[in-house]
Every structure is written in structure tokens, then in C-alpha cells.
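Engineer: Submitted below is the structure of interest, expressed as C-alpha cells.
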Amino acid sequence: MSGEPVTARIGDGVASFEPDSWDRCAGSADPFLSHAFLSALEQSGSATVRTGWQPVPIAIDAPDGSVAAAMPAYVKSHSQGEYVFDHGWADAYERAGGLYYPKLQIAVPFTPVPGRRLLARDPTLAPALIGAAEALVRRHHLSSAHATFIAPEEVPLFQRAGWLIRVDSQFHWRNEGYGDFEEFLACLSSRKRKAIRKERSSALEGLIVEQVSGAAITEAHWDSFWAFYQDTGGRKWGRPYLTRRFFSLLGERMADRVLLVFAMRDGVPVAGALNLIGADRLYGRYWGSLIEVPHLHFEICYYQAIDFAIANGLDWVEAGAQGGHKISRGYRPVPTYSAHYLGDPRLRGAVADYLEAERLAVVREIDALAEFAPFKKS
């Protein structure tokens with residue numbers, strides 16, 4: 001298809017696509033790119049025009065009418081729920097007389113998880129998706145386009161198209177072939193090993209951990225988790241991004257890719273975490289608690305995730321954005337990337353200078369943080 005003219009179209013939401021056709025582009029490794037996940041965000045009322053996330057997925061059709069390439073995209077009227085902060089850019093541009101919103105966001109809403117954004121069955125169509133995003137910005141007089149948490153292998157594609165690259169960092173845990181949690185601990189320094197054992201013991205005093213996945217997940221489990229999610233979301237963002245309906249749809253459509261971890265007291269869930277299961281990694285997403293217990297967050301979100309990854313042969317645990325406290329618990333700093341297309345040359349020039357300085361600072365920070373990793377020094 002690479003030698004033929006390419007025409008892109010905008011879909012009326014991911015839910016308007018035939019699921020198998022979308023998923024053939026997205027693949028099966030990343031649960032967040034699946035038709036089930038993205039359409040649940042729309043149909044639950046979480047990612048909609050009303051919430052400032054107007055779905056405008058970009059697609060390129062194959063001659064047989066199936067989708068040959070796709071891109072999850074949204075017209076945004078704000079910068080909430082993105083985890084790559086551009087509020088400063090918006091403020092500066094609007095002080096200079098520009099209109100930063102609306103803008104185009106190429107992302108999985110509310111999900112700071114690195115992954116593919118150019119979902120092409122034929123890799124030669126990936127640049128056409130980038131070009132289609134640029135055309136959408138120009139045609140609808142948007143200020144910019146932002147592809148956030150892109151896969152590292154996509155960085156050169158965006159660079160060749162002239163997009164600015166931003167570098168940030170997260171903390172991921174890597175499975176080095178450990179047989180169990182104790183084998184992982186054996187790789188840490190004695191002081192860190194003792195500290196983690198103490199944390200786990202104190203966090204679970206009087207509590208029992210329950211892991212629930214697949215068909216075992218019930219609406220009662222979602223009711224309990226919703227209470228935890230509302231508490232955390234209310235404190236972090238003022239109001240939760242996701243609706244209660246979203247979690248029911250998640251359970252209906254992809255329960256086999258969901259892992260709920262609950263802390264139980266007298267048979268009642270008092271804290272919990274939601275994880276999604278990928279082909280080679282576990283993704284920690286949300287957490288909440290109705291009780292105050294030191295280190296319980298680390299146990300339910302980090303240590304239980306490591307336990308599950310080891311037991312199920314997963315190579316990585318990604319425990320979400322930010323959190324320097326993860327490094328002392330065996331999670332290592334890794335770079336993350338986003339790509340930015342800015343229509344106004346004045347804005348582009350200012351942002352390019354800023355990103356160059358920021359990129360150097362992030363690389364230095366990653367190198368410095370790596371020195372604080374709890375692993376034994378070879």
C-alpha cells in the first residue's frame with residue numbers, strides 16, 4: 001500500500017469501529033489500546049465532549065474496507081488528565097494573544113502508560129497517520145497536536161516529521177528471572193532488604209490480601225473499588241476522571257486482563273488497587289484506601305504487583321506516573337517520551353528551547369536516581 005495514495009478519515013469515536021478491525025491494528029499486547037478499553041471510556045461518559053475529550057480517532061482504510069492504520073485522538077478543551085504538563089505553554093501562548101485550546105491530543109485518556117500511538121498494520125502507513133494529525137490541526141484551526149507517552153520506537157518517526165520531542169521519566173520494575181519475591185530481595189542491599197520485609201509485615205498486620213481476576217470479579221468488587229477510587233481521585237483532581245459505569249464495562253469486556261488487589265479486614269475490603277495485565281507486563285493504575293495504615297500503599301500497589309509478575313512470568317511492572325519513593329523499592333528510572341506539533345512558529349521556537357534544557361535535566365536526573373537504586377553494587 002505504500003506506493004498508493006493514502007486517504008485518512010476521522011471516526012465518530014473508537015466505539016464506531018468494528019472491534020476486530022481496530023484490534024488488528026492495535027495488537028493484543030497493550031490492553032489500553034484495545035477497542036474494549038477505549039470504547040469503554042467513551043460509552044461510560046468518561047472521555048466525551050462533555051468532559052473535554054472529544055473522540056476523533058484517525059483511520060486509514062485498506063482496499064477491503066478494514067482499518068489498515070489508526071490513531072487514538074481527541075480534541076481537548078483543557079489539559080486535564082494527560083500527565084504531560086503543558087499548562088505553562090498554554091498560559092504563555094494566551095498571554096501573547098494566542099488561543100491554545102482547542103488542541104489535539106493523541107493518547108489514551110487518563111493513562112500515563114507508554115505505548116504505541118501509530119497503530120499501523122503496514123508500518124509504512126505510520127508517517128501518513130502523523131501527516132493526518134497535522135492536517136487535522138490546520139484544517140480545524142487547532143493550536144497544536146500532542147502525542148503523549150509514545151513508544152520509544154516511535155520517537156524517530158515523529159522526529160522525522162519535525163515534531164518536538166519531550167523526555168520525562170517513570171519508575172518501572174524489571175523481572176530478572178526471579179523465582180519468588182525472596183529471590184528478588186536477595187539482590188538488594190541488606191539494609192533495603194530488611195526495610196522492605198519490615199514494611200510488608202507492618203502493612204498487613206490485621207489484614208488479609210485478596211487478588212481477584214477474570215470471572216471472579218463481581219459488581220460488589222467494583223462497588224468497593226469505586227469507593228477507593230473516588231477518595232483518591234477527589235483528593236488528587238477534585239473529581240474523579242472515570243465514571244462508575246466505566247469499571248462495570250471494564251469488567252464486562254476485559255475481566256481476564258484485570259487484576260484487583262484488596263486489603264481485607266474482617267472480610268470487608270478496606271483498600272485496593274486496580275491493575276491491567278499486558279502480554280509481558282503488569283500495569284498498576286489506581287489505588288485507594290478507607291483506612292490509614294503505614295506502608296499499605298506500597299504493599300498493595302508495589303509489592304503485590306511484583307509478586308504477581310514473578311508468579312505469572314511477566315517481565316515488567318509499570319506502577320504509574322511519578323513517585324520517587326518507588327526507587328528504594330526496586331523500581332528503576334526509565335525515560336518516557338512525547339511528541340509535539342506546534343502550528344505557530346513563535347510558540348514552537350519558545351517550546352523547543354525549553355525542551356532542550358528540560359531534556360538535559362531529565363537525563364541527568366535519571367542517571368543520578370539510578371545511583372540510589374537499592375540493588376547490591378557489583
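The values are calculated or read from the model by the stated rules, or taken from the named source; none is laboratory data. Just so it is clear, the structure is predicted and the values come from calculations on it, not from any experiment. Methodologically, a virtual Cβ is constructed for each residue, glycine included, from the backbone with ideal geometry; neighbour enumeration extends over all protein chains shown. For accessibility, only protein heavy atoms count, side chains too; no ligands or nucleic acids. Shrake-Rupley method; radii C 1.70, N 1.55, O 1.52, S 1.80 Å.
Engineer: Under 25 Å between alpha carbons: how many lysine pairs meet that in the chain, if sequence neighbours fewer than 8 apart on the same chain are excluded?
Structural biologist: So the count works out to 15.
Engineer: Using Cα pairs closer than 8 Å and at least 6 residues apart in sequence, work out the relative contact order for region 119-199, in percent.
Structural biologist: Result for region 119-199 is 17 percent.
Engineer: If you place +1 on the Cβ of every Lys and Arg, -1 on the Cβ of every Asp and Glu, and leave all else neutral, what size is the dipole of the chain about its Cα centre, to the nearest 20 Debye?
Structural biologist: Approximately 920 debye in magnitude.
Engineer: Right, another one. Largest first, please: the extent of the C-alpha atoms of region 278-378 along each principal axis, to the nearest Å.
Structural biologist: 50, 37, 33
Engineer: Which value results when the Cα radius of gyration for the chain is divided by 2.2 N^0.38 Å?
Structural biologist: For the chain, the normalised Cα radius of gyration is 1.02.
Engineer: From largest to smallest, what semi-axes in whole angstrom does region 311-356 give when each is the square root of 5 times an eigenvalue of its alpha carbon gyration tensor?
Structural biologist: That gives 35, 13, 7 Å for the three semi-axes.
Engineer: Now for a different question. What percent of all Cα-Cα pairs in region 1-150 falls into each 5 Å bin, going from 0 up to the bin containing the maximum distance?
Structural biologist: Result, from short to long distances: 2, 10, 20, 23, 21, 13, 7, 4, 1, 0 percent.
Engineer: Alpha carbon centre of region 1-76 versus region 89-134: separation in Å?
Structural biologist: That distance is 14 Å.
Engineer: From Cα coordinates alone, what are the radius of gyration and Dmax values for region 159-246 in angstrom?
Structural biologist: Answer for region 159-246, Rg first and Dmax second: 19.7, 56 Å.
Engineer: Also: Counting heavy atoms of the protein chains only and a 1.4 Å probe, report the per residue accessible area for the chain as a whole number of Å².
Structural biologist: For the chain, the per-residue accessible area is 43 Å².
Engineer: Using a 10 Å Cβ count of at most 12 others and DSSP loop calls, identify the longest part of the chain lacking such trypsin sites (Lys or Arg not before Pro).
Structural biologist: Longest gap between qualifying sites, sites excluded: 51-375.
Engineer: Right, here's the next one. Less than 12 Å Cβ to Cβ from Gly313, Lys/Arg counted +1 and Asp/Glu -1: what total charge do the surrounding residues give?
Structural biologist: That sum, taken over residues with Cβ under 12 Å, equals -1.
Engineer: Taking only Cα atoms, what is the 0 to 90° angle, nearest 10, from helix 244-254's long axis to the longest principal axis of the chain?
Structural biologist: Between helix and principal axis, roughly 90 degrees.
Engineer: How much net charge surrounds Gly214 when only the other residues with a Cβ under 12 Å from the Cβ of Gly214 are counted, with Lys and Arg +1 and Asp and Glu -1?
Structural biologist: 0
Engineer: Right, here's the next one. Could you work out [θ]222 nm for the chain from helices alone, using -39500 (n - 2.57) per DSSP H run of at least four and dividing by all its residues? Round to the nearest 500 deg cm²/dmol.
Structural biologist: Dividing the helical sum by the residues of the chain leaves -10500 deg cm²/dmol.
Engineer: Just name one of Ala368, Tyr302, Ala321: the one whose Cα is farthest towards the positive end of the charge dipole of region 285-378 (beta-carbon charges, Lys/Arg +1, Asp/Glu -1).
Structural biologist: Ala368
Engineer: Quantify, in whole percent, the carbon and sulfur part of the accessible surface of the chain (1.4 Å probe; protein heavy atoms only).
Structural biologist: Here it works out to 53 percent.
Engineer: Right, another one. Please give me the summed charge of the neighbours of Ser39: other residues whose Cβ is under 14 Å from its Cβ, Lys and Arg +1, Asp and Glu -1.
Structural biologist: -4
Engineer: Moving on to the next point. What whole number of Å gives the distance from the Cα centroid of region 208-258 to the Cα centroid of region 290-310?
Structural biologist: After rounding, the separation between the Cα centres reads 16 Å.
Engineer: Please state, to two decimals, what the Cα-based radius of gyration of region 1-89 comes to when divided by 2.2 N^0.38 Å (N = residues).
Structural biologist: 1.18
Engineer: Output the Cα-based Rg and Dmax of region 91-166 in Å, rounding Rg to one decimal and Dmax to a whole number.
Structural biologist: 13.3, 43
Engineer: Continuing with the same structure: With N residues in region 194-303, what two-decimal value do you get for its Cα radius of gyration over 2.2 N^0.38 Å?
Structural biologist: With N residues counted in region 194-303, Rg over 2.2 N^0.38 Å equals 1.05.
Engineer: For the charge dipole of region 263-366, defined by +1 on Lys and Arg C-beta atoms and -1 on Asp and Glu C-beta atoms about the Cα centroid, which residue among Pro333, Tyr354, Ala271 has the Cα displaced farthest towards the positive pole?
Structural biologist: Ranked along the dipole, the leading option is Tyr354.
Engineer: Same structure again: Going from the alpha-carbon gyration tensor of region 110-268, what semi-axes, largest first and in whole Å, does one get by taking the root of 5 times each eigenvalue?
Structural biologist: They are 38, 24, 16 Å, listed from largest to smallest.
Engineer: Out of the chymotrypsin sites (Phe, Trp or Tyr not before Pro) in region 71-117, which ones are loop residues according to DSSP with at most 13 other C-beta atoms within 10 Å?
Structural biologist: Sites meeting the loop and neighbour criteria: Phe85.
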